[in-house]
Structure formats: structure tokens, C-alpha cells
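Novice: Here it is, the structure in full.
The values are calculated or read from the model by the stated rules, or taken from the named source; none is laboratory data. Treat the numbers as computed from the prediction; the structure is a model and nothing was measured. With ideal geometry, Cβ positions are generated from the backbone for all residues, glycine too; neighbour counts draw on all protein chains shown. Heads up: the accessible areas ignore ligands, DNA and RNA and are worked out on the full protein's heavy atoms, side chains in. Shrake-Rupley method; radii C 1.70, N 1.55, O 1.52, S 1.80 Å.
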Amino acid sequence: MLRRMDYGDWDVIVTFLSLNMGKVAAIAKSAKKSTRRFGGVLELFSALDIVIGIGRKKGLPVLQEASIVHPFSKIRSDIYKTAYASYWAEVVNDWMEEGERAKDVYDLLFHALNSLNDGDVSQEALSILFQMRFLMITGFTPNLEYCVICQREVDDMDSKDLGFDLSKGGLVCGRCESGNSRQIRLQKGTIKQLQWIKRGGIRQASRIRFAPQALTEGSRLLEAFGPYHLGKKPRSLTFLQQIRK
Ligand SMILES: [Zn+2]
């Protein structure tokens, strides 16, 4: 469940990322008034089995049944976990079109929320993993292999750190550098760790032990790169960055 919005005095509009239908919004009638109807089930970030009635000519489909598959309740009792989950959910909600099937995104979000709930991987590392894989799925993979201008490969460069140009979507070597690429710097070690995330599956990638420097630089890169291509900064990302300070 990505989003929950009160609607009138009794109803709630909920937005889900579903396995079969992609993003779907539905109206949960009387969800506010009667606790019996959906009692405690419609909680943000939880994984649910839902039945919705489609085919109504006017208005949103109606949520008919909802039962919990995984409550992910440890996320909602922790402000940092909630902030990360809100950011990921907002990114998915903003980027996905309704009805566009999105099994890869579903699997990624489920894995990220599950790990966040369990607390077995650092939250910053999980967020780097989520953002990188999400960019890959949606076709905005940052280029971390070679200079976007002269095509020279990272392994052939001597400098310890490289610039990243958001507008060109990739690394820029020392020779090709201009004003744009001086703002985001990445150590070679960070670049290597980000490359591993691109190559392996989600589960292998979660086992990467990030160096503190790589966490800082990787977060800075991806939290600038995503909004740059999205065309706006998610509000929940601003909140996340404020509480993390
Ligand atoms: Zn170059």
C-alpha cells in the first residue's frame, strides 16, 4: 500500500502497487467510520491481498476485501524506517502509470520493505539499492562504467575520484571535466560498490557491505539523480534528509 488519503467523512482512498495490475487506486467505503469493515488492515506499506470491483463507469473502483499478507509493522513504529519507506513509496507512486504491469518494481519494493522491517541491512544501503535498481528498471541507469564524453573506462583512469554529470547521466573523467561534473564527486571505491549493485540480483546486492564513504557518496548521488530525472524532488525525500542530519 503506497498511499492513503481520507475522503469525505467516512471513506478512504488507497493506492496500491499490485502484482497483476500495477498501480491501482480504490475507494474504501466507510473505512473511517466502521472499524469492522477493514479493521486495522489498511496501513501504509503493508502487503495485502485485495479484491476490487472494476468496471464501474464513474469514479474509482471500490475496495471490496482486504486481508494482511505482511503487516511490516516495525516500519511504522520507527520514524527513520517510516521516512525511508515513504520516500520509496512516493517514488513508485509518482513514476508508475496506473495499470502498467510492474512485477520487477513490485518485487523490488517488497524486498526493500521486508528488509527495512527486519532491520538486517543498513537503511542507507537499502535505499541506495532501491534507488539504483528502480532507476535500472525504469530505464534511467546511471553510467558508472566509463566517461560519458571520451568513453574512457574507469579502470583506465588514474584519479582517485571522479565527477558525475547529472544532465549527461554519467561519470566524467578528469580530462573532460567541466563545471557541471564538479558538484558530485565519487571515490573509485564507491563507484565499484555501485557497479556491484547494478550487476547482481537484489539478494546478492543486499549483502554488499558498504564503506561509510560509499554510503555517503552513493546516497548523495542517487538522491540527486532520481529527482533530476523525475523532474521534481519528492516531499518525503526532503523530510528524510532533514531527520537524517
Ligand atoms: Zn573523458
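Novice: Starting from the Cα-Cα distance between ILE243 and THR216, subtract it from 0.36 nm times their residue separation and give me the gain in nm to one decimal.
Specialist: Numbers: separation 27, 0.36 × 27 = 9.72 nm, distance 1.52 nm.
Between ILE243 and THR216, full extension yields 8.2 nm more.
Novice: Write down the accessible area per residue of the chain in Å², having rolled a 1.4 Å probe over the full set of protein chains.
Specialist: Values: 12590 Å² over 245 residues.
Result: 51 Å² of accessible area for each residue.
Novice: Here is a further query. Extension gain ASP161-TYR7, at 0.36 nm per residue separation less the Cα-Cα distance, in nm?
Specialist: On the way: separation 154, 0.36 × 154 = 55.44 nm, distance 5.07 nm.
Extending this stretch completely gives an extra 50.4 nm.
Novice: Also, quick follow-up: Take the Cα coordinates of the stretch 1-71, assign each an equal point scatterer, and use the Debye formula without solvent to give log10 I(q)/I(0) at q = 0.12, 0.15, 0.19, 0.28 Å⁻¹.
Specialist: For the requested q values the scattering log ratios are -0.27, -0.43, -0.70, -1.54.
Novice: Counting only protein heavy atoms and using a 1.4 Å probe, what share of the accessible area of the chain belongs to carbon plus sulfur, as a whole percent?
Specialist: Details: 6100 of 12590 Å².
So the carbon and sulfur contribution to the accessible surface is 48 percent.
Novice: OK, next. How much length would be gained if the chain were fully extended between ILE208 and VAL62, taking 0.36 nm per residue of separation minus their Cα-Cα distance, in nm to one decimal?
Specialist: 48.3 nm
Novice: To continue, here is another question. How much accessible surface area, in Å² rounded to 10, belongs to the heavy atoms of TYR146 with a 1.4 Å probe?
Specialist: Counting only protein heavy atoms, TYR146 exposes about 90 Å² to solvent.
Novice: Run lengths n ≥ 4 of DSSP H only: what is the helix-derived mean residue ellipticity at 222 nm for the chain, with -39500 (n - 2.57) per run over all residues, to the nearest 500? Please list the in-between numbers first.
Specialist: Values: 9 runs with 102 residues, N = 245.
Using -39500 (n - 2.57) per qualifying helix, the result is -12500 deg cm²/dmol.
Novice: A 23 angstrom limit on the alpha carbon distance is what I want to check against. Which of LYS168/LYS188; LYS23/LYS58; LYS29/LYS232; LYS29/LYS57; LYS74/LYS103 exceed it? Walk me through the numbers on the way to the answer.
Specialist: Values: LYS168/LYS188 19 Å; LYS23/LYS58 18 Å; LYS29/LYS232 32 Å; LYS29/LYS57 17 Å; LYS74/LYS103 25 Å.
The pairs that break the limit, which is 23 Å between Cα atoms, are LYS29/LYS232; LYS74/LYS103.
Novice: Now a separate question. Considering the Cα trace of the stretch 73-245, what is its radius of gyration and what is Dmax, both in angstroms?
Specialist: 16.0, 50
Novice: May I ask you to derive the FRET efficiency for HIS70 and ARG185 from their Cβ-Cβ distance with R0 = 51 Å, giving the value to the nearest 0.05?
Specialist: Numbers: r = 39 Å, r/R0 = 0.77.
The computed FRET efficiency comes out at 0.85.
Novice: Dividing the Cα convex hull volume of the stretch 144-218 by residue count, how many Å³ per residue is that?
Specialist: Numbers: hull volume 6.6 nm³, N = 75.
Once divided by residue count, the hull of the stretch 144-218 is 88 Å³.
Novice: Let me see the P(r) profile for the stretch 78-149: every Cα-Cα distance counted, bins of 5 Å, each bin given as a percent of all pairs.
Specialist: All Cα pairs considered, the percentages come to 3, 14, 27, 22, 15, 10, 6, 2, 0.
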